[in-house]
Amino acid sequence: MRQNIGIFLLLLLLLLPGCGVRSETAEAAADPEAAARGYRYVSSMDTLIELTAYGAKREAALDAAAAEVERLNALLSIGLEESEVSRVNREGSARLSADTAFLVRRSLEIYASTGGAFDPTVYPLMVLWGFPSGEHHVPTEAELDEVLPKIGADRLDFDAQSGTLTLGEGQAIDLGGIAKGYTSQRIMDIYREEGVTSGLVSLGGNVQCLGAKPDGSAWRIGVRNPDTETGGIVAVVAVKDKAVISSGGYERFFVEDGVTYEHIMDPKTGYPVQNELAQVTVVTADGTLGDGLSTALYIMGLDKACDYWRAHSADFDAVFVLRNGSVCITAGLSDCASPAEGHRGQWTVVREK
């Protein structure tokens, strides 16, 4: 559905004592934490995934986490012909495995909660606009009129008890808008099962942290500046046991006749989203929820997104980056989010009414 973007983990700046290439012996001498830190890199889910774990059982945890990434990608990737998602799209109906059924159920819940802003059936629109293939195309009104009736998760028939999903005529699902958040959540589960108490994963812009850093301090996550010409970061969020997940349209887009079309679709209009938001970052304990909400809030626009937060402030907080460079944070981040050094845009706190 979309690609999560917008977060720099900043491991070199925030975790290591210096820059450049260092031997393990020198690193451990300068930083006692380094001796208990393990890394693993996995190329999967159309991105490079960085796994980090601390402690005596870190290698077993990293092995299990890397295997879980590959297992979930094989189930959920719409780019793999034999994935479960591709099979249900091809056959129109299938009894799903526990993971895929869970994601369908959560997608339907977030679809209902957000008034359809998050919609796992938007894939035919993505195809129409040419984003999966790279053969971009601005559709005619007649083409949109043909595809739009196929969009809408309320047309899915899902039997939660048996895990059987049946698509409406012409429908196709893509769980990519929620799969990476679920994967990061599963990695946290695996870390806990393996006895790791401090770790994180950076997965295509999704960052999820287990506990605190080994010294007890919070992980510091940089929120990327969506202005690709300026670059850098706009904010830093200090978190423990949280996911920090961003959505924005500025890394996948095309320009035709001077108009920029980004890849995040408004399922109601059939057009790419165009509003004042350049990026939305969701901070929550639930990576699956954060993944879905980051897309939904981006589609809603600032005012509706703030209203949604006010109604669900116990579940998440957010950083809204506007196209004019301003940043709005929700009140729950007041004590743990701060402007990045050099950020000159307006900084506003959204409060509950």
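The values are calculated or read from the model by the stated rules, or taken from the named source; none is laboratory data. Predicted model, so just to flag it, every value in this text is computed and none were measured. Every residue, glycine as well, gets a Cβ built from its backbone with ideal geometry; the counts of neighbours run over all protein chains shown. Areas reflect the complete protein model, heavy atoms only, side chains present, ligands, DNA and RNA absent. Shrake-Rupley method; radii C 1.70, N 1.55, O 1.52, S 1.80 Å.
Using the structure shown, decide if Pro214 is assigned to a loop (DSSP other than H, G, I, E, B), of a type outside the set (Phe, Trp, Tyr), open to solvent by 30 Å² or more (accessible area, probe 1.4 Å) and out of contact with any Leu (no Cβ under 6 Å at 6 or more places or on another chain). Walk me through how you get there before you give the answer.
Details: assigned to a loop (DSSP other than H, G, I, E, B): yes; of a type outside the set (Phe, Trp, Tyr): yes; open to solvent by 30 Å² or more (accessible area, probe 1.4 Å): yes; out of contact with any Leu (no Cβ under 6 Å at 6 or more places or on another chain): yes.
The answer is yes for Pro214.
Scan segment 69-78 residue by residue and report those that are assigned to a helix (DSSP H, G or I) and surrounded by 17 or more Cβ atoms within 10 Å (Cβ to Cβ).
Residues satisfying the conditions are Val69, Leu72, Asn73, Leu75, Leu76.
Just give me the residues in segment 82-120 being closer than 23 Å to Glu169 by Cβ and small (Gly, Ala, Ser), in sequence order. Give the steps one after another, and end with the answer.
Start the filter on segment 82-120 by keeping residues that are closer than 23 Å to Glu169 by Cβ, which leaves 83-96, 100-101, 103-105, 107-108, 111-112, 116, 118-120.
Of everything in segment 82-120, those that are closer than 23 Å to Glu169 by Cβ and small (Gly, Ala, Ser) turn out to be Ser83, Ser86, Gly92, Ser93, Ala94, Ala101, Ser107, Ala112, Gly116.
All but one of (1) acidic (Asp, Glu); (2) over 24 Å from Ile264 (Cβ atoms); (3) assigned to a loop (DSSP other than H, G, I, E, B) hold for Asp119; which doesn't?
Unmet for Asp119, out of (1) acidic (Asp, Glu); (2) over 24 Å from Ile264 (Cβ atoms); (3) assigned to a loop (DSSP other than H, G, I, E, B): (2).
With respect to Asp189, is the statement that it is without any contact (Cβ under 8 Å) to a residue 24 or more places away in the chain and open to solvent by 20 Å² or more (accessible area, probe 1.4 Å) true? Reasoning before the result, please.
Working: without any contact (Cβ under 8 Å) to a residue 24 or more places away in the chain: yes; open to solvent by 20 Å² or more (accessible area, probe 1.4 Å): yes.
Yes: the conditions hold for Asp189.
Of all residues in segment 217-267, which are open to solvent by 20 Å² or more (accessible area, probe 1.4 Å) and farther than 28 Å from Met126 by Cβ?
If the condition is that a residue be open to solvent by 20 Å² or more (accessible area, probe 1.4 Å) and farther than 28 Å from Met126 by Cβ, then Ser217, Ala218, Arg220, Thr230, Gly232, Ile233, Ala238, Lys240, Asp241, Lys242 are the ones that fit.
Cβ-Cβ distance below 7 Å, separation of 6 or more or different chains: which pairs start in segment 308-319 with a residue that is charged (D, E, K, R) and end on one that is surrounded by fewer than 20 Cβ atoms within 10 Å (Cβ to Cβ) and part of a loop (DSSP other than H, G, I, E, B)?
Here the result reads Arg310/Glu352; Arg310/Lys353, each pair linking segment 308-319 to a residue that is surrounded by fewer than 20 Cβ atoms within 10 Å (Cβ to Cβ) and part of a loop (DSSP other than H, G, I, E, B).
In segment 84-112, which residues are in a helix (DSSP H, G or I) and either modelled with pLDDT under 95 or open to solvent by 50 Å² or more (accessible area, probe 1.4 Å) (or both)? First the steps, then the outcome.
Quick first cut of segment 84-112, residues in a helix (DSSP H, G or I) only: 84-91, 98-112.
Of everything in segment 84-112, those that are in a helix (DSSP H, G or I) and either modelled with pLDDT under 95 or open to solvent by 50 Å² or more (accessible area, probe 1.4 Å) (or both) turn out to be Arg87, Arg90, Glu91, Ala98, Phe102, Arg105, Glu109, Ala112.
Yes or no, residue by residue, for (1) among the charged types (D, E, K, R); (2) within 27 Å of Gly332 (Cα to Cα):
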position	(1), (2)
Glu229	yes, no
Gly248	no, yes
Glu256	yes, no
Val259	no, no
His263	no, no
Glu276	yes, yes
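Just for segment 274-289: of the residues that are surrounded by fewer than 22 Cβ atoms within 10 Å (Cβ to Cβ) and not small (Gly, Ala, Ser), which one is farthest from Ser313 (Cα to Cα)?
In this case the residue turns out to be Gln274.
Is there a residue being among the β-branched types (Val, Ile, Thr) and either farther than 18 Å from Ala112 by Cα or part of a helix (DSSP H, G or I) (or both) anywhere in segment 143-157? Before you say what the answer is, go through the steps one by one.
First, pick out the residues of segment 143-157 that are among the β-branched types (Val, Ile, Thr): 147, 151.
Pick out the ones that are also either farther than 18 Å from Ala112 by Cα or part of a helix (DSSP H, G or I) (or both) and you get 147.
Scanning segment 143-157, I find at least one residue that is among the β-branched types (Val, Ile, Thr) and either farther than 18 Å from Ala112 by Cα or part of a helix (DSSP H, G or I) (or both), so the answer is yes.
Considering every residue within segment 308-319, establish whether at least one is more than 22 Å from Ala238 (Cβ to Cβ), surrounded by fewer than 20 Cβ atoms within 10 Å (Cβ to Cβ) and in contact with a Phe, Trp or Tyr (Cβ under 9 Å, 6 or more places away or on another chain).
Scanning segment 308-319, I find no residue that is more than 22 Å from Ala238 (Cβ to Cβ), surrounded by fewer than 20 Cβ atoms within 10 Å (Cβ to Cβ) and in contact with a Phe, Trp or Tyr (Cβ under 9 Å, 6 or more places away or on another chain), so the answer is no.
When you check Pro139 against the structure, is it in a loop (DSSP other than H, G, I, E, B) and crowded, with 22+ Cβ neighbours inside 10 Å, yes or no? Even if it seems obvious, please write down each step before you answer.
Values: in a loop (DSSP other than H, G, I, E, B): yes; crowded, with 22+ Cβ neighbours inside 10 Å: no.
Considered against the rule, which asks whether it is in a loop (DSSP other than H, G, I, E, B) and crowded, with 22+ Cβ neighbours inside 10 Å, Pro139 comes out as no.
Would you point out which residue out of Gly342, Gly332, Gly325 is of a type outside the set (A, V, I, L, M) and in a helix (DSSP H, G or I)? Walk me through how you get there before you give the answer.
Numbers: Gly342 fails: in a helix (DSSP H, G or I); Gly325 fails: in a helix (DSSP H, G or I).
Going through Gly342, Gly332, Gly325 in turn, the sole match is Gly332.
Go through Ala61, Ala36, Ala56 for me and flag whichever is open to solvent by less than 20 Å² (accessible area, probe 1.4 Å) and either more than 21 Å from Glu169 (Cα to Cα) or in contact with a strand residue (DSSP E or B) (Cβ under 8 Å, 6 or more places away or on another chain) (or both). Talk me through it step by step, then tell me what you get.
Details: Ala36 fails: open to solvent by less than 20 Å² (accessible area, probe 1.4 Å); Ala56 fails: open to solvent by less than 20 Å² (accessible area, probe 1.4 Å).
Step by step, each of Ala61, Ala36, Ala56 is checked, and only Ala61 is open to solvent by less than 20 Å² (accessible area, probe 1.4 Å) and either more than 21 Å from Glu169 (Cα to Cα) or in contact with a strand residue (DSSP E or B) (Cβ under 8 Å, 6 or more places away or on another chain) (or both).
Could you grab the pairs with beta carbons closer than 6 Å, sequence gap of 6+ or different chains, first residue in segment 138-158 and closer than 14 Å to Met126 by Cα, second one open to solvent by 50 Å² or more (accessible area, probe 1.4 Å)?
Val138/Glu256
So Glu81 fits all but one of (1) open to solvent by 20 Å² or more (accessible area, probe 1.4 Å); (2) part of a strand (DSSP E or B); (3) at pLDDT 95 or above; what number is the exception?
Only one criterion is unmet by Glu81, namely (2).
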